[in-house]
1. Of 128/217; 59/187; 128/187; 59/201; 125/214, which sit over 28 Å apart, Cα to Cα?
2. What would the Debye equation give as log₁₀ I(q)/I(0) for the range 66-222 at q = 0.12, 0.16, 0.17 Å⁻¹, counting only Cα atoms as equal point scatterers?
3. Quick one: length gained pulling residue 144 to residue 122 fully straight, 0.36 nm per residue minus the C-alpha distance?
4. What residues have an amide H closer than 5 Å to that of residue 147, excluding those fewer than 5 places away on the same chain, when H is modeled at 1.01 Å from N in the peptide plane?
5. Quick one: 3J(HN,Hα) in Hz for the range 40-48, Karplus 6.51/-1.76/1.60 with θ = phi - 60°, rounded, Gly and Pro as x.
6. Counting only C-alpha contacts under 8 Å and six or more residues apart, can you give the relative contact order of the range 139-242 as a whole percent?
7. Would you mind getting the Kirkwood hydrodynamic radius of the range 139-242 from its Cα pairs, rounded to one decimal in Å?
8. So, R0 is 25 Å and r is the distance between the beta-carbons of residue 183 and residue 228; what FRET efficiency does that work out to, to 0.05?
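What follows draws every value from the coordinates through simple rules; no lab data is involved. What you are looking at is a predicted structure, and each value in this text was computed from that prediction instead of being measured. Here the Cβ positions follow ideal geometry from the backbone for every residue, glycine too, while neighbour counts run over all protein chains shown.
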Amino acid sequence: MKKCFLLPAIIFLISLVSCAKTGVDPKEEDNDQGSKPPFEIWMGLKTGSTGNWANIEWKVVLPDGSYFNQLPPEGFLEFSKNQTGGTWGAFVMNGNTGSFQNQYETIQVKKISDTELEKVGYTNKLYKLASVNGSKLSGKYNTIPNWSVIPNYPYGPNDAQPMISFNANGTFNDQGIFVTDFLRPHKDPQRAPGNGTYEIKNFTLILNYSDGRKITKAFSGALNNQVTATSELVFIGGNPLYNK
């Protein structure tokens, strides 16, 4: 009889030691891709915009229902209720209806699905961004739509240009994605081309350059579409970038 009670006790103690070592409840473990950031982001084309990916509205919603009506270009590694550059308000849902409201706007919404909201009285909708944690990209992303097929593309393969290449092994090559003067791409060292390694978490792209620089930018897919290695459209710093 003693042996019957002893074995479960030993297993229980081993489990406690294992949890103490990792600091993680095994039931709560999750991979990077499935982890959820501590907020939601809703995006949609602004009223009157059809297919204009440069004219986007954003709603960053915290668990307490407060929301921020802009996308922080630098990303979310230090995002808090002290965030400036936009306006805070309240997001409330009662059943399938609700509203976004701050001192400048009141937007009535109706739930279509867990990732889609109808803006009552408007054609354009709001879409909940899919998590991008742990994503790896493979392709060349440019601010110019259809850059790879337009006949008058103004840059040569090795020229500074508004392009950044990502590899699935976690490396990148920035040919000038943040440069403002392509005739003098190194004029501003903080924006100069370079290469290094990257990671993506909490809707933030983290670029670690080989020269020691670190740049962070907000990062997401389009609407409620999942980001894949070869996504044709992603948003960096709130700006659309095209993979062809």
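1. On the way: 128/217 19 Å; 59/187 35 Å; 128/187 38 Å; 59/201 18 Å; 125/214 35 Å.
Flagged as over cut-off: 59/187; 128/187; 125/214.
2. The calculated log intensity ratios at q = 0.12, 0.16, 0.17 Å⁻¹ are -0.70, -1.02, -1.08.
3. Details: separation 22, 0.36 × 22 = 7.92 nm, distance 2.91 nm.
My answer for the length gained is 5.0 nm.
4. When sequence neighbours closer than 5 places are left aside, the close amide H contacts are 244.
5. Calculated HN-Hα couplings, in order: 10, 10, 10, 9, x, 5, 5, 3, x Hz.
6. 22 percent
7. On the way: mean 1/r = 0.0707 Å⁻¹.
It works out to 14.1 Å.
8. Numbers: r = 35 Å, r/R0 = 1.42.
Result of the calculation: an efficiency of 0.10.
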